[in-house]
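*Asks:* Submitted below is the structure of interest, expressed as structure tokens.
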Amino acid sequence: MCESALLERVAAGITPLLPVNSAILVGLSGGVDSVVLLHLLHRLAPRHSWQLFALHVHHGISPNAGLWADFCVGLCERLAIPLHIEHVDITPLRAQGIEAAARRLRHAAFAAQSCDFVALAHHADDQVETLLLQLLRGAGVRGASAMPLLSVQTSSHRQVRPLLHCSRQEILAYAAAHELQWIEDESNADDSYPRNFLRHRLLPVLGEKFPVYRDTLTRSAQHFGEASELLDELARIDAAASISGNTLLLATLKTLSLSRAKNLLRYFLYQLGAPMPQTVQLIDMVNQLCVAREDAAVCLRFAGGVWQLRRYQGRVYVLRALDEFDRNLSVSWRGEAELAWPALDSSIEFRQGVGQGVSLAKLQGADVSVRLRQGGETLRPRANGATRTLKNLLQEHHVPPWQRDRLPLLYRGDVLVSVAGVAIAAEYQAEQGEAAVRMSLRGRASG
């Protein structure tokens, strides 16, 4: 394919997807793929009044990382394209593997930028390599699905892959025709990395026997994508009356076949951003959730113990595991709108108003603090009612057991005034027209 044909082929693929005046951020590593992508979009941008920007993520893994950043600076200066260099530290994530950690940091860097679209240089060979890697890892249909030309909407932008239907050979031919320069990451030659092993040793042999393997395997990835969409449709049907927020109705899970229950649970986890358990672990989760005694305190840990599935009052909860906490935690409140609350990895919000909540006037005259439950606390929530134990109030308000010892309790001196989301002592409740404050939790506490 001649270089002009490649340009028009890319234009035909992405022009209907990218509106006029779109702000497009190009992921620029400095390798041949991203250099060609930048060059192509630079030629196409005037046709559609696209605003181009570039982002280079400086991982610092290679001793040549600084030279790569300098190369990207020079390239963007010659093309008059604004460039932002994002320095990231991979060290805290090395346990995930260098490739996975670098990918996660890149995604975070892209997500932090302001743009309409992020343009990535994935191409047809990347598509094939990704499919094979996922199959070798035993991935399901979602994992084996093809990368899309245009991603689904995220909170900030969409991802577009203009080179997705171009081969690596076509990209190299375009770069040679335009006498483009690029950098070579020395790690690309290291076939101890699974992707490099496929690229340098397996796929050349495969191409000798199956010269059109890119097309056929890409077609398979698209079939996996369609199957994944159908499974999601089925999960949405099952979820319609069973998923509420971050909880799943256990009764629904019990009525489904094992395959369908796994599909619903997998969908539930995916919607909440939780990592996918291995197949054996997913089966074990369904079995334990469904067969445990009604009063059993089920807690299933996965993803290295970072995530948990819990069961309470007929619903399944998914949440990140909470850290250990100081049971003597006590924080003074002096009128702040918000206080950090590490026991629930969240914060306490104090909203002031009139007539509803804790009377501000009645809090005067003593130190006001927020503490943790110690045991034996009591509170009278109604003026003409009985004094209740905090234990009974927490059960009555269906507070999940794993939150009960971590809830913030508001004290005036040594008198319990309020329990967030549960009750306010009758003698401290604001009267009509009286200045008041309401205490609530923000963040992880909902899990």
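None of the figures in this text is laboratory data; all of them are computed from the coordinates on show. Since the structure is predicted, the reported quantities are computational estimates derived from the model, not experimental observations. For neighbour counting, all protein chains shown are included, and Cβ atoms are generated from backbone atoms with ideal geometry for every residue, glycine included.
*Asks:* I need the calculated FRET efficiency for the pair Ala297 and Thr387, taking r as the beta carbon distance and R₀ as 25 Å, to the nearest 0.05.
*Replies:* Approximately 0.30, to the nearest 0.05.
*Asks:* From the square roots a ≥ b ≥ c of the eigenvalues of the alpha-carbon gyration tensor of the stretch 3-220, which class results: rounded (a/c under 1.5), prolate (a/b over b/c), or oblate?
*Replies:* Working: a/c = 1.37, a/b = 1.15, b/c = 1.19.
Rounded, because the longest to shortest axis ratio a/c is under 1.5.
*Asks:* From the convex hull of the Cα coordinates of the stretch 241-320, what is the mean projected area in square nanometres?
*Replies:* That works out to 4.7 nm².
*Asks:* For the stretch 364-447, what are the per-bin percents of Cα-Cα distances with bins 5 Å wide, up to the bin holding the maximum?
*Replies:* 3, 13, 26, 27, 18, 10, 3, 0
*Asks:* For Leu172 and Asp284, FRET efficiency with R0 = 35 Å and r from the beta-carbon atoms, rounded to 0.05? Walk me through the intermediate numbers first.
*Replies:* Values: r = 47 Å, r/R0 = 1.35.
Here the calculated transfer efficiency is 0.15.
*Asks:* Considering only DSSP beta bridges whose two residues both sit in the chain, what percent are antiparallel, to the nearest 5? Provide the component values of the computation, followed by the final result.
*Replies:* On the way: 47 of 63 bridges.
Bridges in the chain are about 75 percent antiparallel.
*Asks:* For Ser29, which sequence-distant residues (separation of 5 or more, or a different chain) have an amide H within less than 5 Å of its own amide H, given hydrogens modelled in the peptide plane?
*Replies:* Ser34
*Asks:* Quick query: amide H of Met276 versus all other amide H atoms, modeled in the peptide plane; which residues come in under 5 Å with a sequence gap of 5 or more or a different chain?
*Replies:* Hits under the 5 Å cutoff: none.
*Asks:* Can you compute 3J(HN,Hα) from phi for each residue in the stretch 8-20, using the Karplus curve 6.51 cos²θ - 1.76 cosθ + 1.60 with θ = phi - 60°, rounded to whole Hz and x for Gly and Pro?
*Replies:* With the stated coefficients, the stretch 8-20 comes to 5, 5, 5, 4, 5, x, 9, 4, x, 9, 10, x, 4 Hz.
*Asks:* Which of these values of mean projected area of the Cα convex hull in nm² was calculated from the structure shown: [x] 27.7; [y] 22.6; [z] 35.1?
*Replies:* [x]
*Asks:* When we measure straight from the Cα of Lys254, which lysines land under 27 angstrom away, once same-chain ones fewer than 8 places off are left out?
*Replies:* Counting by Cα, and skipping residues close in sequence, Lys254 has these lysines nearby: Lys262.
*Asks:* Nearest 500 deg cm²/dmol is fine: what mean residue ellipticity at 222 nm does the chain get from its DSSP H runs of n ≥ 4 alone, each adding -39,500 (n - 2.57), divided by its residue count?
*Replies:* After summing the helix terms and dividing by residue count, I get -11500 deg cm²/dmol.
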